[in-house]
Amino acid sequence: MLHIIVDVFICLLIADFVSGLGHWAEDTWGAPGRSPLLDKWVILPNIEHHRRPGQMRNKSYWETNHVTVILALVVLGGLLAFHVNAWQAYLTVALISQSNQIHKWAHSQTVPFWVRWLQRIGLLQSVAHHGEHHKRPYAYRFCTTTNLLNPVLDGTGFWHGLEWVIERCGISVKRATEARGGY
Ligand SMILES: [Zn+2]
Ligand SMILES: [Zn+2]
């Protein structure tokens, strides 16, 4: 039983890390004008969210989650095609598919009691924890699923280090979008 709990916990942390990586990439390079489809589905909603974070509460489940759900279905198709049997892989993808829903709960005062309880113990991201991301310099707390990884990644300078490595590879990370506090 304990190993199942540990596995679920690790799946949650992986989902948290993926949510942070995706969010960091959006906030770092998320300038509009390169692809109409990307703008419509990812870039503009991301910029809009950072301008008016509370607006997220007014979106329906599908409006909030359609991008990650569709991507997750594609990945699930790949897992099935390659006959992956590990339930942990499916759980991780399922959790990632709900990362925007969990993010939305971190902007909501009214949530189901079990969500509030999970937020209280940090297994889902709390309102106060996520609120720090929406403050200048918009460079911390990129993970949006739990309260657990952000202190580690921010405390060790992980994102800063990642940007340093990417710059050494000749890719600019200075194109700060409005999501990260303006150009
Ligand atoms: Zn952000
Ligand atoms: Zn937010």
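The values are calculated or read from the model by the stated rules, or taken from the named source; none is laboratory data. Predicted, not measured: the structure shown is a model, and the values here were computed from it. When we count neighbours, we look across all protein chains shown, and the Cβ atoms used for this are built from the backbone with ideal geometry, even at glycine.
Below are the figures for this structure:
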| read-out | value |
| --- | --- |
| Residue check for Leu73: over 17 Å from His130 (Cβ atoms) and in contact with a helix residue (DSSP H, G or I) (Cβ under 7 Å, 6 or more places away or on another chain) | no |
| Wholly enclosed helices (runs of 4 or more DSSP H) of region 34-101 bearing at least 3 residues within 16 Å of ligand 2 (Cβ to nearest atom) and touching an Asp or Glu at 6+ places or on another chain (Cβ under 8 Å) | 44-51 |
| Failed criterion for Phe158 (all others in (1) free of Cβ contacts under 8 Å to residues at least 40 places away in the same chain; (2) closer than 17 Å to Trp24 by Cα; (3) hydrophobic (A, V, I, L, M, F, W, C); (4) within 16 Å of ligand 2 (Cβ to nearest atom) hold) | (4) |
| Hey, Val74 more than 19 Å from Thr146 (Cα to Cα) and either loosely packed, with under 13 Cβ neighbours inside 10 Å or touching a residue at least 24 places away in the same chain (Cβ under 8 Å) (or both) or not | yes |
| Unique match (being within 11 Å of ligand 2 (Cβ to nearest atom), under 24 Å from Trp24 (Cβ atoms), of a type outside the set (Phe, Trp, Tyr) and not in a loop (DSSP other than H, G, I, E, B)) among His107, His133 | His133 |
| Within region 141-174, tally of residues that are surrounded by 15 or more Cβ atoms within 10 Å (Cβ to Cβ) and closer than 30 Å to Trp117 by Cβ | 14 |
| Which numbered condition Gln109 fails, given (1) surrounded by fewer than 18 Cβ atoms within 10 Å (Cβ to Cβ); (2) under 16 Å from Pro151 (Cα atoms); (3) not aromatic (Phe, Trp, Tyr) | (2) |
| Pro53 within 22 Å of His130 (Cβ to Cβ) and modelled with pLDDT of 90 or more | yes |
| Breaking point among (1) more than 13 Å from ligand 1 (Cβ to nearest atom); (2) without any contact (Cβ under 8 Å) to a residue 40 or more places away in the chain; (3) not hydrophobic (A, V, I, L, M, F, W, C), for Lys59 | (2) |
| Qualifying residue in region 173-182 (condition: at pLDDT 95 or above and under 20 Å from His50 (Cα atoms)) | no |
